[in-house]
Amino acid sequence: MSCRIRAHRTHLCDVSRQLSQLLSAWSWRRRVDVSLCSATGLHLRTYCSTSSEPDPLQVHRRKLFLWFSHLPQEEKQFGGYFSPETMHVDPLIVERKAEERAGLLSLPLQTQPLSSSSVSVEQLFETTDTWNEGRGVNVLLYGAVGTGKSTVVRKLVLDWCTGTGLTHFKLLVPFSCEDLSELSKVASLRDLVSRKYLHLRKHPLLSGEGNQAKDVLFLFNGMEKMKLDFRIGSTELCSDPNEALPPNVVVVNLLRKYLLPEASILVTTRLSAMDRIPQKYVSRYAQICGFNDPGRQRAYFTSRLLQQSGETARDHEAQALIELLYLNLQRESQLAAACFLPSYCWLTCATLHFLHFTDAKAPIRTLTGIYTSFLRLNFGGEVLGTGAGTNVPIQGHNNSLMLYVVRTVGKMAFEGVTYKRTSFSEKELEQWIGGKTKTDEELHQLAMFRTDVLDFFLAPCVESGKHFPEALSENNEQRYVFAVPAMQEYLAALYVVLGENKSALEKLSKRMSVAIGQAGEDVNALFGILSKFIPLRIFAVFNLLKLFPKLYEKISSHNKGSIARTMATEMFRTEDSYNEDVLDQVEQSLLGVHGPQPQQHSEGPPFELYPIFMGGLLHYGNRVLLQQLGCSIQSTTVVQITRALRKHLVRELSKPQPPEEVMDLLVLLYEFQNPRLTAEVLASMRTIRLTNIRMTSLKCFVLSSVLSCTPTSYHLEELDLSSCLLTHDLLQTLWPAFRHTHNLNLQFNSLGPESCILLRDLLLDPKSSVRSLQLCDNPLLESGACTLLEALPENQSLRHLSLMHTGLGDLGALQLAERLQQHSGLQELNVAYNNIGDNAALALVDACREHPSIHTVHLYLNPLSDVGKQSLYVRGVPSSDSGSGRRVKVLASVTEGSDLSEDWHPILRVIRENALSWDRQRVQQQLKVFLRDLEWGRQQQQSLWKRLHFRRVEKGVRQTLELLEKDPPTPPTGYRM
């Protein structure tokens with residue numbers, strides 16, 4: 001009985017314990033459900049399921065948009081105002097019949113007639129009668145290098161992500177064939193997708209069940225980089241998306257429609273790889289033909305150059321550039337032929353943006369860097385295949401496509417630069433590009449190169465007879481030129497810097513050095529063993545083997561010295577001395593020449609970019625980009641060339657150079673981006689004269705950047721920027737250069753009153769040491785002059801101030817007279833041709849006479865009366881009360897009373913130099929006053945010798961008058977009052 005009671009009690013305890021556990025579990029579950037419901041806002045439900053996962057397709061769209069919206073580093077040079085959507089301009093896409101595709105390989109792309117109408121990529125996937133229902137469409141989109149395949153793919157993906165294109169596909173799966181070709185492990189289709197897009201790992205559209213795959217579009221970009229073999233014996237069949245196979249086999253089965261037959265596929269490839277996919281597996285062929293009309297080109301330029309930055313002035317300048325570009329394209333110029341390829345439109349925009357929109361706030365960019373980036377965008381990672389039947393890309397250094405370009409096209413470019421030639425016949429192309437008889441593998445590579453790449457660099461000449469020898473221009477044969485003239489000089493420079501122009505001795509010594517160096521390793525090992533048993537003198541002969549590497553080093557070093565010597569020689573060619581500077585030449589090649597054609601003083605075209613590109617290629621940043629292209633420039637090479645270049649540049653700079661050559665030298669130093677070399681070269685320069693150089697924002701930035709490489713103790717004796725079309729904005733860019741200058745010449749520019757604020761700050765800067773400031777022929781006006789004079793009390797360096805023809809007026813002259821006593825160092829003051837009357841002039845001369853150091857005042861060409869002039873000369877002589885005995889020289893006319901002024905010659909020289917740019921009527925009137933003064937003074941002379949001297953001065957004045965009457969009026973180079 002007791003046992004029964006104990007058992008019953010035990011059972012009740014177990015039941016009670018289980019009920020308690022169930023109650024506690026139910027209570028916990030209820031608390032969790034309530035908390036989840038509260039988080040989602042469903043407070044009335046006692047049960048709430050867990051929140052559902054985000055839609056994988058939406059995740060896929062969002063991530064694809066982020067990936068494909070990323071702009072390459074090269075695009076950031078346009079200021080960051082663009083997005084891929086606003087920059088895109090659709091190139092011409094033409095659908096081709098299957099039988100038409102073969103003929104496109106034999107002729108240049110530009111000469112092909114466009115028999116079919118243009119189509120969009122979306123139209124290519126519309127169902128046709130020639131393709132079976134229920135099977136996806138295979139589209140092969142092909143084109144030459146630079147026609148815009150990658151850009152079209154990027155825009156296509158972005159449109160799908162935003163729902164503005166390919167809307168009938170629920171899923172778009174892009175693949176890079178370059179990435180797929182590098183996969184060594186087998187993987188199924190679903191593994192390939194999930195490897196790149198993890199969120200699509202289990203998506204039912206890729207399961208292969210039913211016909212769900214009809215909503216899927218696969219995109220394979222750059223198919224030429226994969227090994228695709230459609231032979232059944234080489235590539236097994238597969239219909240299971242989960243079966244692991246090599247990536248190329250998976251792609252082949254997709255194209256066969258054996259794997260996911262309902263899915264559609266878009267394949268992009270180069271011309272030479274079209275036939276790698278059999279015709280029966282291609283539904284439609286479409287060719288990207290680039291920009292075949294100026295309208296598309298103009299739209300591209302507008303999207304790139306017309307920045308929405310809020311800067312009205314910059315937008316106006318960009319609009320003017322676009323108009324000039326469009327005019328040049330409408331002329332069917334060589335540029336229009338080059339801009340057939342969107343890649344060259346990019347290069348044109350990048351170059352113009354560099355030339356016109358460079359400022360101190362922008363990152364450092366160089367012309368060499370633009371061309372290097374251009375080639376990296378188009379040939380980065382590109383290699384040549386090997387074997388006519390294998391189609392296997394070899395990722396070796398010797399098979400770099402860019403290196404192949406340098407050794408073929410670059411060699412031809414180098415020969416053209418050497419012999420001053422810009423055009424080449426078909427026979428010459430065959431000679432330089434084809435070369436001697438080659439193996440089957442080399443012939444296959446050559447065929448691929450001619451089909452895909454040659455038309456990218458060379459185009460049929462459309463400007464016949466330009467810079468051609470007479471013997472060559474008489475023939476009617478088709479001639480070819482580089483699509484962009486500067487590309488010839490860039491490739492020639494790259495050919496030289498890479499050391500491809502080796503002499504026969506250097507090639508032989510290099511082979512011997514390598515062979516003997518390899519043998520030397522074995523010899524040294526043997527030497528270490530036998531030296532313990534045999535006397536060392538017996539093995540002395542082995543040391544001769546070590547001479548060969550040193551011999552090669554000497555020959556190689558000599559070659560690097562010859563490269564530097566070539567750069568210096570090309571920089572300072574005497575026959576090219578009177579051409580425009582190199583940056584103006586680049587701009588003219590893009591915008592054309594408007595107005596009179598510039599005179600060429602050399603027999604052939606100038607190749608002044610060639611040495612500048614050689615210097616730019618030695619910069620570390622460009623060498624890194626070239627390394628990615630398979631073109632390696634060793635650091636030892638850079639050191640050897642730099643050392644020799646410094647010596648040659650210093651030697652050349654010991655001779656006087658024209659302003660254009662000096663500007664080119666500054667561009668070379670800027671492109672080099674080597675502060676130490678720049679400082680050492682500038683140490684030998686004490687004067688920089690850039691007279692009549694059309695200074696732009698870029699040139700001002702180059703000058704300031706180059707001078708900023710020098711130490712703070714370095715100062716130029718003179719910086720001459722007269723007649724350079726300087727404005728206030730350019731003056732701000734030049735500020736760092738001014739701080740390194742003793743004598744600053746800013747005559748004949750367009751500096752207004754606002755510029756005087758900056759010049760005042762320059763004179764107040766304690767690090768500035770400006771001794772002479774020449775501002776002749778700038779519209780400073782009275783307000784500007786007053787602002788400038790505010791710096792006189794605190795400035796201690798200024799010795800010479802020229803304000804001739806600046807609109808000073810009487811008020812400005814009186815202000816100057818009041819300020820002079822606050823500056824004790826001034827020695828010479830030029831206020832000629834400023835509409836200053838007698839009273840203001842007398843007050844100024846009185847102030848100068850009381851000044852402790854001023855010895856000369858220029859007052860000629862001012863409306864002074866005869867009495868006023870006489871008073872000025874009297875005031876210039878010190879009074880007896882002062883006791884100083886110091887005389888102030890007053891230059892008011894060629895005469896002083898009845899005598900000739902001892903300074904008549906400098907007065908006439910200044911007038912003669914500037915007469916054509918000043919107000920002719922005003923100058924003629926003043927010269928006639930001089931003649932009247934001279935005639936009166938001559939009549940007062942009794943000495944025959946003095947009369948003859950008066951006659952001599954009269955003759956000079958009359959010659960200046962005749963010059964003004966004969967020469968037609970020309971636009972003034974400076975301020976005109």
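How far, in nm, would the chain grow between residue 925 and residue 185 when pulled straight, counting 0.36 nm per residue and subtracting the alpha carbon separation?
Taking 0.36 nm per residue and subtracting the Cα distance, the gain is 257.1 nm.
What nm value, rounded to one decimal, do you get for the distance between residue 769 and residue 202 when each label is placed 7 Å out toward the C-beta?
With each label placed 7 Å out from Cα toward Cβ, I get 7.8 nm.
Write down Rg/Rh for region 903-965, rounded to two decimals, with Rg from the C-alpha atoms and Rh from the Kirkwood relation over Cα pairs.
1.00
Compare 191, 720, 159 by solvent-accessible area with a 1.4 Å probe and give them largest first, with all protein chains kept in place.
The residues order as 191, 159, 720, largest area first.
Can you tell me the length gained on complete extension of the stretch residue 708 to residue 821, counting 0.36 nm per residue apart and subtracting the Cα distance? Walk me through the numbers on the way to the answer.
On the way: separation 113, 0.36 × 113 = 40.68 nm, distance 3.48 nm.
Contour length minus the Cα-Cα distance gives 37.2 nm.
At a probe radius of 1.4 Å, what is the per-residue accessible area of residue 660, in Å² to the nearest 10?
The value for residue 660 is about 40 Å².
Skipping prolines and chain starts, which residues have an amide H placed within reach, meaning under 5 Å, of the one on residue 458, given they are 5 or more residues away or on another chain?
For residue 458, whose amide H was placed from the backbone, the distant partners under 5 Å are 483.
Leaving ligands, DNA and RNA out of it, report the carbon-plus-sulfur percent of the accessible area of region 655-891 at a 1.4 Å probe.
Summing carbon and sulfur atoms, their accessible area is 49 percent of the total for region 655-891.
Could you tell me the distance between the Cα centroids of region 729-758 and region 358-373, to the nearest Å?
24 Å
Probe 1.4 Å, all protein chains in place: accessible area of residue 177 in Å², nearest 10?
So the heavy atoms of residue 177 present about 0 Å² to solvent.
Can you pull the one-decimal nm distance between simple spin-label points at residue 258 and residue 280, each 7 Å off the Cα toward Cβ?
Roughly 1.2 nm, to one decimal.
With all protein chains present, how much of the accessible area of region 903-965 (probe radius 1.4 Å) comes from carbon and sulfur, to the nearest whole percent?
Carbon with sulfur: 47 percent of the solvent-accessible area.
In whole Hz, what ³J(HN,Hα) sequence does region 135-152 give by Karplus (6.51, -1.76, 1.60; θ = phi - 60°), x for Gly and Pro?
Once rounded to whole Hz, the list reads 10, x, 9, 9, 10, 9, 9, 10, x, 6, 4, x, 7, x, 5, 5, 5, 5.
Students sometimes get this wrong: rank 858, 905 by accessible area, probe 1.4 Å, all chains present, largest first. Write out the running numbers ahead of the final one.
Details: 858 20, 905 105 Å².
Ranked from most to least accessible, the order is 905, 858.
What's the FRET efficiency of residue 162 with residue 53 using the Cβ-Cβ distance as r and R₀ = 30 Å, to the nearest 0.05?
With a Förster radius of 30 Å, E is 0.85.
Within 14 Å, Cβ to Cβ, of residue 789, how many net charges do the neighbouring residues add up to if Lys/Arg are +1 and Asp/Glu are -1?
Value of the local net charge: -3.
What is the ratio of the Cα radius of gyration of region 655-891 to 2.2 N^0.38 Å, where N is its residue count, to two decimals?
Relative to the 2.2 N^0.38 Å estimate, region 655-891 comes out at 1.09.
So, counting K/R as plus one and D/E as minus one, what does the shell of residues with Cβ under 12 Å around residue 179 add up to? Don't skip to the answer; put the middle values down first.
Details: positive: 195, 196, 225; negative: 178, 182.
Charge balance near residue 179 sits at +1.
Could you tell me which trypsin sites (Lys or Arg not before Pro) in region 676-766 are loop residues by DSSP with no more than 13 other beta carbons within 10 angstrom of their beta carbon?
Hits after loop and neighbour filter: 686.
Can you tell me the accessible area per residue over region 776-827, all protein chains present, probe 1.4 angstrom, in square angstrom?
34 Å²
Over its Cα atoms, what ratio of radius of gyration to 2.2 N^0.38 Å does region 619-765 give?
Working: Rg = 16.9 Å, N = 147, 2.2 N^0.38 = 14.7 Å.
Ratio of Cα Rg to 2.2 N^0.38 Å: 1.15.
What is the sum of charges around residue 694, taking Lys and Arg as +1, Asp and Glu as -1, for the other residues whose C-beta is under 10 Å from the C-beta of residue 694?
On the way: positive: 699; negative: 580, 581, 584, 587.
Around residue 694, the charge tally is -3.
The values are calculated or read from the model by the stated rules, or taken from the named source; none is laboratory data. Please read these numbers as outputs of a predicted model, since none were measured by experiment. Methodologically, a virtual Cβ is constructed for each residue, glycine included, from the backbone with ideal geometry; neighbour enumeration extends over all protein chains shown. Keep in mind that these areas ignore ligands, DNA and RNA; they rest on the heavy atoms of the full protein, side chains included. Shrake-Rupley method; radii C 1.70, N 1.55, O 1.52, S 1.80 Å.
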